[in-house]
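Here is the structure we will look at, set down as structure tokens.
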2 protein chains.
Amino acid sequence: MATTIKDIAKKAGVSISTVSLVLNRKGYVAPKTKEKILSVMNRMDYKPLHSARKLATQKTGNIGYIIWEGHFSEVEMFYSQVFLGMEYAARKSDSYILLTTVKEDFDPKNDLPRFLQYKDVDGVALAGRVPHTLIEYLDNQELPFVLIDYELPGKSFNCIKIDNYNGAFRAVENLVLADKKYIAFVGGTFFHPSIKERYRGYREALEKYNLVNDGYLKKYSYCENIETSRSIGENGAIKLLNRHPEIDAIFCCNDTTAMGVITGIQKIGKKIPQEVAVIGFDDIPPAEYNMPKLSTVRVPKLEIGKQAFMLLSELINNPNMAPQTRIISVDLVIRESSHSEGNKQ
Amino acid sequence: MATTIKDIAKKAGVSISTVSLVLNRKGYVAPKTKEKILSVMNRMDYKPLHSARKLATQKTGNIGYIIWEGHFSEVEMFYSQVFLGMEYAARKSDSYILLTTVKEDFDPKNDLPRFLQYKDVDGVALAGRVPHTLIEYLDNQELPFVLIDYELPGKSFNCIKIDNYNGAFRAVENLVLADKKYIAFVGGTFFHPSIKERYRGYREALEKYNLVNDGYLKKYSYCENIETSRSIGENGAIKLLNRHPEIDAIFCCNDTTAMGVITGIQKIGKKIPQEVAVIGFDDIPPAEYNMPKLSTVRVPKLEIGKQAFMLLSELINNPNMAPQTRIISVDLVIRESSHSEGNKQ
DNA sequence: TTGATTTATCGAAACGTTTTAATATATTTT
DNA sequence: AAAATATATTAAAACGTTTCGATAAATCAA
């Protein structure tokens, strides 16, 4: 059917091996033979058959992308964007990203993604919070993997991290400079290390400006120890504002929560941002279309995907690399929800 | 390394061929040999190597999923959900879905997705509006493909269609029964056949109740011939309501537009749904979290993905099947944006 | 010049399956 | 009891590549 390496060899008057050598840029092959072969390949529109190549090399050319089911199926566009970033990067190296989801109550015995069961990937990217049993499984398998925006305390794995601390710090600092004095925090599960870091950024920014007095942090923080959602934001905003009407800004652990916070503030009837300013984190697409448009910390999602892919490629080619963490920096983007008069430009 | 069919054969005291036969449920093999082999397989945790199998069978076991770049990277969660539906279905048959995006100005000569260049898929699903040149290319390649929520006028391809007409009809009928008299339509490109159908449903529902008088349709329709977006909705609502203040309901070509329409209505200062009711189409996840919650026509996205996968599988196993269209039915879901008093339950 | 190295090419084995055709045995039909 | 058919097993070829080792020619060092 399709042209094979054999056809090329015959037409070019050389052996199969030689063709393979130019295909893989290996060994010695005379410039003019090489040229000849390349021209024949081009003329006959030759594409190596991946399955044959894979069989011979014992590599799959695939990378797995695993994400918690809720993260892909809900409003959350974050991890789809990261995925897209990986896909873009993968195009250049002719490999494929196989996406699959795992359930919350994942059990490695029964729910193992099929590309792991069948060893159809050379490496795996784990996006966001994933079951720890899965991480352990991969660690035991000696299959290269990277965590994206997640980590396990005490263990050192390959990681792509967001600069959560600085993002949060700058956001809160911006609120302070806009003359906000009572800045609350609304968030979800502290179990997630990224949220912990964002909280730390929040706290340290307040400390820098000496806003923190006794009980400040406790009074103005609202966290439910579950997956973040709009409803956490809405509940949090309503409870905090009723209890402490002096609150004039809310920094949220992410955009999803922030959009809920905005709903809550609107229900109470306060003006955004004049009475209460809001800043989120992530810059997911709906943030820009929210009413009012959401100020937030932009996380470069495509870039994260690209970096994950690159790190993974390095790991695959060099399995004994020491585990490393790469940190992706973020930018504050001010929109309507925190656009105070004094700060407008 | 991993156990191969050879190991199984040796341990079970049979030939490789016999093992292969039970693996593929083919030919004759004595019940007790079969049992023996299966037990050995189980004990040794044998998984056939996909690349070897693919090489031998000349099938890839992959299905491509192509989507316009803007549809995956923007707010639109619709096609990600359809993708997920395909992925779920694929799990059962041990195949993989390879997702890639194409640009608006796609050119088959240069931008062909790599899984098409390398013939790494047995079939392709095209999600939503995709470049016609791509459809033509696939048609020439004799590669099985299905269109999801799209069609080409005059051509009969394999299609998974949404019951757009009935969804729209029921939505508009519901508005009429809630005593709305001046029901507008806001939408995007008529170039998209689904939107055409939704408009037809709108029109015929109005006709059924004799609401359409001279100029009604022209007066109360706002369409920009570009990709749908929130801003089309916002602009449309503002223009229509300023020009025709009697409008008491707006049916939108999809949820994205509807959320824009809601923003527009809010800017003008009318109450939803008391003064102006809004119904969208699709039921994308943000619809439920919108303020007010958006009434809409629920399209079962996972089911669409599943049906696409199933149709594609049939096509792959039976290449001469006549092209067919499968229609997925939809449900009206009433939330706050059209929840008129008289209609509340 | 000789021997060592570098450059160039190729035959053949290997990767792990499926599948075809051959063979052998058991069962059924005549 | 012979012929025909169904059941059971297998050896070997095939799928399209990579890679190892052999071989030969060209270049270099002494």
Residues whose modelled amide H sits under 5 Å from the amide H of B:Lys293, counting only those 5 or more places away in sequence or on another chain, are B:Glu336, B:Ser337
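Beyond 42 Å, what share of the Cα-Cα pairs of the protein assembly as shown is found? Please give it as a whole percent. It would help to have the intermediate numbers written out before the result.
Details: 86061 of 237705 pairs.
Everything past 42 Å amounts to 36 percent.
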The extension gain from B:Asp111 to B:Arg200, computed as 0.36 nm times the residue separation minus the Cα-Cα distance, is 28.5 nm
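Going down the list A:Lys54/B:Lys6; A:Lys301/B:Lys239; B:Lys59/B:Lys301; A:Lys26/A:Lys161, which pairs span over 30 Å between their C-alpha atoms?
A:Lys301/B:Lys239; A:Lys26/A:Lys161
Can you tell me what percent of all Cα-Cα pairs in region B:5-48 are more than 12 Å apart? Please list the in-between numbers first.
Details: 475 of 946 pairs.
Counting every Cα pair in region B:5-48, those more than 12 Å apart make up 50 percent.
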For B:Lys208, counting only lysines whose alpha-carbon sits under 20 Å away and dropping same-chain residues fewer than eight positions off, the answer is B:Lys180, B:Lys181, B:Lys196, B:Lys218, B:Lys219
The answer for B:Ala184, listing residues at least 5 apart or on another chain whose modeled amide H is closer than 5 Å to its amide H, is B:Asp248, B:Ala249, B:Ile250, B:Phe251
Here the Cα Rg-to-2.2 N^0.38 Å ratio for region B:1-114 is 1.53
Rounded to the nearest 10 Å², the 1.4 Å probe accessible area of A:Ile226 is 90 Å²
With Rh as the Kirkwood radius over Cα pairs, region B:64-160 has Rg/Rh of 0.93
Any residue on another chain or 5+ positions along whose placed amide H is under 5 Å from the amide H of B:Val333 is listed here as B:Thr296, B:Val297, B:Arg298
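Could you state the orientation-averaged shadow area of the convex hull built on the Cα atoms of region A:229-345, in nm² to one decimal? Each step should come with its number before you reach the end.
Numbers: hull surface 36.3 nm².
Mean projected area of the Cα convex hull: 9.1 nm².
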Once accessible area is computed for A alone, B alone and the pair with a 1.4 Å probe, the total buried surface, to the nearest 100 Å², works out to 4200 Å²
So, over other residues within a Cβ distance under 14 Å of B:Pro300, counting Lys, Arg +1 and Asp, Glu -1, the net charge is -1
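Step through the table entries A:Lys267/B:Lys293; A:Lys10/B:Lys119; A:Lys119/B:Lys92; A:Lys92/A:Lys119, compare each Cα-Cα distance with 19 Å, and write down the pairs that go over it.
Working: A:Lys267/B:Lys293 14 Å; A:Lys10/B:Lys119 23 Å; A:Lys119/B:Lys92 17 Å; A:Lys92/A:Lys119 23 Å.
Over 19 Å apart, Cα to Cα: A:Lys10/B:Lys119; A:Lys92/A:Lys119.
With a cut-off of at most 10 other beta carbons within 10 Å, and DSSP calling the residue loop, which chymotrypsin sites (Phe, Trp or Tyr not before Pro) in region B:1-105 qualify? Please list them. Don't jump to the answer; show the numbers that get you there.
On the way: sites: B:Tyr28, B:Tyr46, B:Tyr65, B:Trp68, B:Phe72, B:Phe78, B:Tyr79, B:Phe83, B:Tyr88, B:Tyr96; in loops: B:Tyr28, B:Tyr46.
Taking region B:1-105 and a limit of 10 other Cβ atoms within 10 Å, the loop chymotrypsin sites (Phe, Trp or Tyr not before Pro) found are B:Tyr28.
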At 20 °C and 1.002 mPa s, the Stokes-Einstein diffusion coefficient in µm²/s for region A:126-272, with hydrodynamic radius from the Kirkwood sum on alpha carbon pairs, is 132 µm²/s
If each part is reduced to its alpha-carbon centroid, region B:279-345 and region B:1-41 end up apart, in Å, by 45 Å
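In region A:1-59, which trypsin sites (Lys or Arg not before Pro) fall in coil by DSSP and have 12 or fewer other Cβ atoms within 10 Å? Walk me through the intermediate numbers first.
Numbers: sites: A:Lys6, A:Lys10, A:Lys11, A:Arg25, A:Lys26, A:Lys32, A:Lys34, A:Lys36, A:Arg43, A:Arg53, A:Lys54, A:Lys59; in loops: A:Arg25, A:Lys26, A:Lys59.
Of the trypsin sites (Lys or Arg not before Pro), the ones in loops of region A:1-59 whose Cβ has at most 12 other Cβ atoms within 10 Å are A:Arg25, A:Lys26.
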In whole percent, the Cα-Cα distances of chain A spread across 10 Å bins from 0 upward as 5, 22, 25, 18, 13, 8, 5, 2, 0
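The values are calculated or read from the model by the stated rules, or taken from the named source; none is laboratory data. Since the structure is predicted, the reported quantities are computational estimates derived from the model, not experimental observations. Cβ sites come from the backbone with ideal geometry, for glycine too, and all protein chains shown count toward neighbours. Surface accessibility is based on the protein's heavy atoms, side chains included, excluding ligands, DNA and RNA. Shrake-Rupley method; radii C 1.70, N 1.55, O 1.52, S 1.80 Å.
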